[in-house]
Amino acid sequence: MVLHEKGTDFEAREVDLQNKSEEFLEASPTGKVPVILVDGDSLYESNVVNQYLDEVFEEPRLLPEDPKTRAYARIWMAQADDNFYPQVFISTMGRERGFSEERISAAKEGLRGTLSRLEERLAGREYLADVFSLADIAHAGNFVRLRELDEAGDLSLADYPNVAAWMERVEGRRSFKAAG
Ligand SMILES: N[C@@H](CCC(=O)N[C@@H](CS)C(=O)NCC(=O)O)C(=O)O
C-alpha cells in the first residue's frame, strides 16, 4: 500500500511461506514477509519498512507533520503489530497452524478488546491519526481476514460502526485495491 500511495515503480515477488526458497531465506533474516532489498541489504519488519519508504519517497507524506499526532500514529502502528495482527492471525489461521483451542479463544477475546479500543479511537475521526497514515496501513493488511471472522459469525463488525466505516474508507483507496 505504501509503494502504491507513493506511486513509485517496484517489483513485487510472491513468496510461498510453506516452502521457503533459499533465495528468500537469504533475503529475509527472520524468514518472514515483508522484506525489501535496498542495494542488496535487507530491510524487514513492516512498520520499519513502511517508515523507511515514507522517508525515501517524500510525497505523499504518510506520517502526520505534528509531532504529537505523529507519536499517536506510531502508537497505533505498534498496537497493530502487538495486538491486531497476531489476534486476527491466530483467530483465523490458528487451527491450521496448530495453536491450542485455548490460545485461539484468547485471541478472539483479545481481538474484541482491540476492536473496542479502535472503536473508541475512531469516534469523531476518519483515520487513526486524524489523517490517513501508516497507522491505518499497519492495520489494513488484516482487513480481509477480519471480514472472514465477521462472515463466519466469530464477531460482528456491526458492533463496531466506527471501525466498519474506517475499514470502508481504507478499502476504498486505490492503494488498497492495487495491493490486492
Ligand atoms: N512483525 C512482523 C510480522 C511479520 C510476519 O509475521 N509475517 C508473516 C506473514 S503476515 C510471515 O511471514 N510468516 C511466515 C512464518 O512465520 O514462517 C512484521 O510486521 O513484519
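Just a few scattered comments:
- Single unsatisfied condition, VAL131 versus (1) in contact with a helix residue (DSSP H, G or I) (Cβ under 6 Å, 6 or more places away or on another chain); (2) open to solvent by 30 Å² or more (accessible area, probe 1.4 Å): (1)
- Number of residues in the stretch 134-143 that are open to solvent by 10 Å² or more (accessible area, probe 1.4 Å) and either more than 16 Å from PRO86 (Cβ to Cβ) or at pLDDT below 95 (or both): the value is 1.
- If you go through the stretch 38-87 and keep only what is among the hydrophobic types (A, V, I, L, M, F, W, C) and within 15 Å of the ligand (Cβ to nearest atom), you end up with LEU43, VAL48, VAL49, LEU53, TRP76, MET77, ALA78, ALA80, PHE84.
- Any hit, the stretch 103-117, residues being more than 14 Å from the chain's Cα centre (by Cα), closer than 20 Å to LYS6 by Cβ and not in a loop (DSSP other than H, G, I, E, B): no
- Filter pass, VAL15 being in a loop (DSSP other than H, G, I, E, B), buried (at least 16 other Cβ atoms within 10 Å of the Cβ) and either of a type in the set (Ser, Thr, Tyr) or not assigned by TED's automatic domain parsing to the domain that holds ASN142 (or both): yes
- Screening SER42, SER21 for residues that are open to solvent by less than 70 Å² (accessible area, probe 1.4 Å), of a type in the set (S, T, N, Q), over 30 Å from GLU120 (Cβ atoms) and touching a strand residue (DSSP E or B) at 6+ places or on another chain (Cβ under 6 Å) leaves exactly one candidate, SER42.
The values are calculated or read from the model by the stated rules, or taken from the named source; none is laboratory data. No experiment lies behind these values; they were computed from the predicted model shown. Note that each Cβ is placed from the backbone with ideal geometry, even for glycine, and that neighbours are counted across all protein chains shown. Ligands, DNA and RNA are excluded from the accessible area calculation, which covers all protein heavy atoms including side chains. Shrake-Rupley method; radii C 1.70, N 1.55, O 1.52, S 1.80 Å.
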